[in-house]
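To start, the structure under review is shown below, and the notes come after it.
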Amino acid sequence: YDDCLARKPQVVVLNKVDVSEVRERKDELVEDLKLAAGHSRVLPISAATTEKVQELMGRLKKFVEAQAKEGKEEEGDRLMAEVDFSKASLESDSDDFEIISDPAYPNQWRIKGTYIEQIAKMTHWEYPEAVERFGRQLQALGIADELTARGAIDGDLVMIDKYDFDFSPGMTNPYIPAELLEKDAMYGDMRKLKTGKSGG
């Protein structure tokens, strides 16, 4: 979901090894995960029985401590540069936004405003709580009401900076960018295919 997350080192955990179906295929699944992840940091555990959970915590502690401090500093600098607080104080000008529509492109709305664009950049779209908070921001800033007043309806395309999502007034957690919905749907299709193969 995020380039900086993709660059971070990974540890992969295979859970539920207490379940007989998983235990029977444990070695095969671990090898598949190593191949897919491109590294050997894969550990089978059971959160339910706590099997190898302590070992996992120990490995993670050592792994985190081994990461170079300068790498963390560089990442922090990059994130601060990406979100420019000097251009958008989060304590002022929050109601300074503009809604743009073009009759040639009905049911599409672009929202421009330094504050709301910075909020969109800071939102971790992969976390439902963060997405819900973004939705509450749109409500609190009056953007959702203004869209409705301008004629926006459920399912209209709303664009803020590089983020696109469907307008869903009054619904919980509606502001999920289309790219994440597509990835989620793709993941669901892959799971169905895997289930079909193992069932056949």
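The values are calculated or read from the model by the stated rules, or taken from the named source; none is laboratory data. Predicted model, so just to flag it, every value in this text is computed and none were measured. With ideal geometry, Cβ positions are generated from the backbone for all residues, glycine too; neighbour counts draw on all protein chains shown. These area figures cover heavy atoms from the full protein model, side chains too; ligands, DNA and RNA do not enter into them. Shrake-Rupley method; radii C 1.70, N 1.55, O 1.52, S 1.80 Å.
Across region 1-51, the qualifying residues are those that are over 30 Å from Y163 (Cα atoms), of a type in the set (A, V, I, L, M) and out of contact with any helix residue (DSSP H, G or I) (no Cβ under 8 Å at 6 or more places or on another chain), and the one among them that is modelled with the lowest pLDDT is A48.
Out of A47, A37, one residue alone is open to solvent by 60 Å² or more (accessible area, probe 1.4 Å) and either more than 23 Å from the chain's Cα centre (by Cα) or on the phi < 0 side of the Ramachandran plot (or both). It is A47. When region 98-136 is filtered for residues that are of a type in the set (S, T, Y) and either surrounded by 14 or more Cβ atoms within 10 Å (Cβ to Cβ) or within 15 Å of F165 (Cα to Cα) (or both), the ones remaining, listed by number, are S101, T114, Y115, T123.
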